[in-house]
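The structure appears below as structure tokens.
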Amino acid sequence: MTASPAQRAAELRAQLNHHAHQYYVLDAPELPDAEYDKLFAELQTIEAAHPELQTPDSPTQRVIGAVLPGLTPVRHVVPMLSITTETDTTEGGAIAFDARVRRELGLKEGDPPVDYNAELKFDGLAINLRYEDGVLVQAATRGDGETGEDVTHNVRTIGQIPLRLKGADADLPPVLEVRGEVYMRRDAFEALNERQRAKGDKTFVNPRNTAAGAIRQLDSRQARDKPLSFYAYGIGDVQGWALPATQSGLLDALAKFGVPVNKLRTVAAGTAGLVEFHQRVAAARDDLPFDIDGVVYKVNSRELQLKLGFKTREPRWAVAHKYPAQEQVTTLLAIDVQVGRTGKLTPVARLDPVFVGGTTVSNATLHNVFEMRRKGVRVGDKVIIRRAGDVIPEVVGRVPGERASYVPNFHMPRACPVCKSEVVRERGGMDHRCSGGVFCPAQRKQAMLHFAGRRAMDIEGLGDKLVEQLIDAGIVQSLPGLYKLGIAKLAALDRMAEKSAQNIVDALEKSKTPTLARFLFSLGIRQVGETTAKELARHFGTLDKLMNASVEQLLEVPDVGPIVAASIHTFFAQPHNREVVEQLLAAGVQPKESAGEADDRPRPLLGKTLVLTGTLPTLSRDEAQALIEEAGGKVSGSVSKKTTYVIAGEEAGSKLEKARSLGVPVLDEAGLRALLETGA
Ligand code: IVH
């Protein structure tokens, strides 16, 4: 039986109130934002169709959030309102908003486009900063919009927030309330979780909750240990200061006062401008150093804003245009164990398929048993899946709720699920491994996929389906066997047309002259990634010299330490590995060797470690990294005493701070270019 609209509305109100309390008051949301938005939109729809069902306490009628006992309540001079959410994540959302604004302003078709200030929607928590005569006197959370909490003690720990506005005394407003978002950068969040893991403490779920939790602590040491950031996007109470005529002008003015204002914003003309911004930011989203959940469009002219005014809860001149959620809830159907190229066992979640981060996801990694225990997930649970950018989807945690009375705890198998060899746990390590080596078909498949990969031998068309068939049917047993595949053998396979078979034979032929570095990388020697493979090729010049190198000789290669040297030496000491290499050569594979002579290009950054942070003016991160590596340098993800230089661009944050505190020299892009020329 379906519920009546009245029943459904009551149910939604109860659910939304519960989740809002979890989110705003306890900083412990049980649902991803997208799920909450869906419920909220459903209630709005019911209430719009049945206005008699609207109650004064409906979550649609007010800003939710309550004052935590302990922090001092602060009554906002100007209420802190919320903003309408556009859940149509396509360009339709921007089109609908512009149409609404034009209609409400009484504009006709031929009238000029409305100008909007388009901004990022930062995913943190709203804060009101009150400056009197330029001095920060109070910081408060939004609370229920009317009354928030005094968090001045914690906000003072945020280095980016000026305690005093910039400018001559005479130019500082007697009263200026700056409103914006406190958030945590992803790198700061990852580093924090790294520290938690090292201490054996529980990890945090996402930057937003962590930032919100830190800001609302009574003890400011809690906030200080969790580096936070801030971006301004508006104002509250203002006295004795002439407001700029536009939102863009207002943000410029705030930036002049020394308040952080994000540079990724634009004045967009009409629908076309909004759509362009929405797409541009969508493309840049995964490269931003912090989380956003959408963009915000605001009618730029204050005069027009005043004309449009407010609807109970929200301004009519602004809208939050969301992006597809990067987190979704689904059911964990089963936990399988996957065997990787090096035999590592990974628990993989089989999921009820769910659309997240732009694709349908039915598998997600659970990393390892320890990570799983920490998250406490069991088969049958509702779990939160996160997929951002090209990163492998992962299970973030479980949604609290009922669970069948008995669900057995998950254990790693004692025997490899594929080849039945013994599973060993490395001493002190987190990982379980199948000890089967090349005997294990799973390891062979993964090794073959790695060998054929784009960055290795680059054999187009040799993907997981084909590799699976080749190994399961016993057609190819090891890497050299690939080069014995003829069209006849391939074309006999399921779903393989003669044309595709020919393409694969051609791709195999084409792959026969890799660089020595690619060839070494493709062998899948443990500890030998692309960079090390390049160093080895450069140092030894020929395969023969490398294969016969002693551990001492290997240690002479830049960046090769005892563990890597031992791994390479062990690999080539095993007869079956030497045999694979010999058979590959016999099958016609000819790595391009340099014998050392071809390689006398200057390498000014040899032995130097650089860290990149922020956005450089002309170089992308990959380009900068490639240039540094070509010059012999190494790029690392974190700053330490061993870092030679930090290269900082726009939006550089905690890494830059760390460099300064450790006294590591900091350069900009021009400095990097000079370094690449000369090495000093
Ligand atoms: S303007 C009256 N601009 O999103 C308009 N809000 O649901 C007030 N937010 O509570 C909000 N980035 O915490 C505005 N560029 C931005 C924003 C932004 C993030 C947050 C803010 C607000 C919520 C709206």
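The table below gives the values:
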{"item": "Considering residues of segment 190-237 that are under 20 Å from MET372 (Cα atoms) and outside any helix (DSSP H, G or I) only, the residue most open to solvent (accessible area, probe 1.4 Å)", "result": "LYS202"}
{"item": "Single residue of GLY294, GLY309 found to be more than 29 Å from ILE384 (Cα to Cα), within 13 Å of the ligand (Cβ to nearest atom), open to solvent by less than 20 Å² (accessible area, probe 1.4 Å) and out of contact with any helix residue (DSSP H, G or I) (no Cβ under 8 Å at 6 or more places or on another chain)", "result": "GLY309"}
{"item": "Hits in segment 275-291 (condition: crowded, with 20+ Cβ neighbours inside 10 Å and more than 18 Å from the chain's Cα centre (by Cα))", "result": "PHE277, HIS278"}
{"item": "Cβ-Cβ under 7 Å pairs, at least 6 apart or on other chains, segment 108-124 side in contact (Cβ under 8 Å) with a residue 24 or more places away in the chain, far side away from the ligand (no atom under 16 Å from the Cβ)", "result": "PRO113/ALA269; PRO113/GLY270; VAL114/ASP98; VAL114/ARG102; VAL114/GLY270; ASP115/ALA269; TYR116/GLY273"}
{"item": "Residue list for segment 110-129, filter: more than 15 Å from the ligand (Cβ to nearest atom) and under 33 Å from the mean Cα position of the chain (by Cα)", "result": "ASP115"}
{"item": "Residue satisfying condition, being away from the ligand (no atom under 11 Å from the Cβ) and either closer than 14 Å to TYR116 by Cβ or surrounded by fewer than 20 Cβ atoms within 10 Å (Cβ to Cβ) (or both), within set ALA318, ALA272", "result": "ALA272"}
{"item": "Filter pass, LEU676 being outside any strand (DSSP E or B) and open to solvent by 70 Å² or more (accessible area, probe 1.4 Å)", "result": "no"}
{"item": "Residues that are modelled with pLDDT of 90 or more and among the acidic types (Asp, Glu), drawn from segment 152-184", "result": "ASP171, GLU177, GLU181"}
{"item": "Residue match in segment 239-254 (condition: touching a helix residue (DSSP H, G or I) at 6+ places or on another chain (Cβ under 7 Å) and open to solvent by 50 Å² or more (accessible area, probe 1.4 Å))", "result": "yes"}
{"item": "Selected residue (criterion: surrounded by the fewest Cβ atoms within 10 Å (Cβ to Cβ)) from residues of segment 413-431 that are touching a residue at least 40 places away in the same chain (Cβ under 8 Å) and within 30 Å of the chain's Cα centre (by Cα)", "result": "MET430"}
{"item": "Residue in segment 409-418 that is part of a helix (DSSP H, G or I) and modelled with pLDDT of 90 or more present", "result": "no"}
{"item": "Failed condition for PHE410, given (1) surrounded by 15 or more Cβ atoms within 10 Å (Cβ to Cβ); (2) closer than 24 Å to VAL580 by Cβ; (3) not aliphatic (A, V, I, L, M)", "result": "(2)"}
{"item": "Top-ranked residue in segment 567-576 [being in a helix (DSSP H, G or I) and without any contact (Cβ under 8 Å) to a residue 12 or more places away in the chain; ranked as surrounded by the fewest Cβ atoms within 10 Å (Cβ to Cβ)]", "result": "PRO575"}
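The values are calculated or read from the model by the stated rules, or taken from the named source; none is laboratory data. Keep in mind the model is a prediction, meaning the values are calculated, not measured. With ideal geometry, Cβ positions are generated from the backbone for all residues, glycine too; neighbour counts draw on all protein chains shown. Surface areas here come from the heavy atoms of the whole protein model, side chains and all, with no ligands, DNA or RNA. Shrake-Rupley method; radii C 1.70, N 1.55, O 1.52, S 1.80 Å.
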